[in-house]
1. Only one of 51, 7 is on the phi < 0 side of the Ramachandran plot and surrounded by 15 or more Cβ atoms within 10 Å (Cβ to Cβ). Can you tell me which?
2. Among the numbered criteria (1) more than 18 Å from residue 3 (Cα to Cα); (2) loosely packed, with under 12 Cβ neighbours inside 10 Å; (3) in contact (Cβ under 8 Å) with a residue 24 or more places away in the chain, which single criterion is violated by residue 22?
3. Among the residues of segment 40-49, write down those that are assigned to a loop (DSSP other than H, G, I, E, B), modelled with pLDDT of 95 or more and either under 19 Å from residue 17 (Cβ atoms) or touching a helix residue (DSSP H, G or I) at 6+ places or on another chain (Cβ under 6 Å) (or both).
């Protein structure tokens, strides 16, 4: 079970770090509000469990590269996952 729909600002507050304005805008432009069938190039962040579900590997890599420099500042952990396509 996955619950929640966190914004970029909520992710920052939960992990106690601050993105630049440009980084925040880029992440927010990739955010998909609807949790079903995350599209390629998009992500959706759940509160429980705390995970960013990405629509494809390229998006997951982009999110990881953007957040990695802040990992030392983060007060907690965030999982980055990829939505498995239906067979």
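The values are calculated or read from the model by the stated rules, or taken from the named source; none is laboratory data. Given the structure is predicted, the values throughout are model-derived calculations rather than measurements. All Cβ positions, even for glycine, are placed from backbone atoms using ideal geometry, and neighbour counts span all protein chains on display.
1. 51
2. Residue 22 satisfies every listed condition except (3).
3. 41
Listed here are the residues, each with its yes/no results for (1) without any contact (Cβ under 8 Å) to a residue 24 or more places away in the chain; (2) in contact with a helix residue (DSSP H, G or I) (Cβ under 9 Å, 6 or more places away or on another chain); (3) surrounded by 13 or more Cβ atoms within 10 Å (Cβ to Cβ); (4) part of a loop (DSSP other than H, G, I, E, B).
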| residue | (1), (2), (3), (4) |
| --- | --- |
| 12 | yes, yes, yes, no |
| 17 | no, yes, yes, yes |
| 35 | no, no, yes, yes |
| 38 | no, yes, yes, yes |
| 58 | yes, no, no, no |
| 64 | yes, no, yes, no |
| 69 | yes, no, no, no |
| 76 | no, yes, no, yes |
| 80 | no, yes, yes, no |
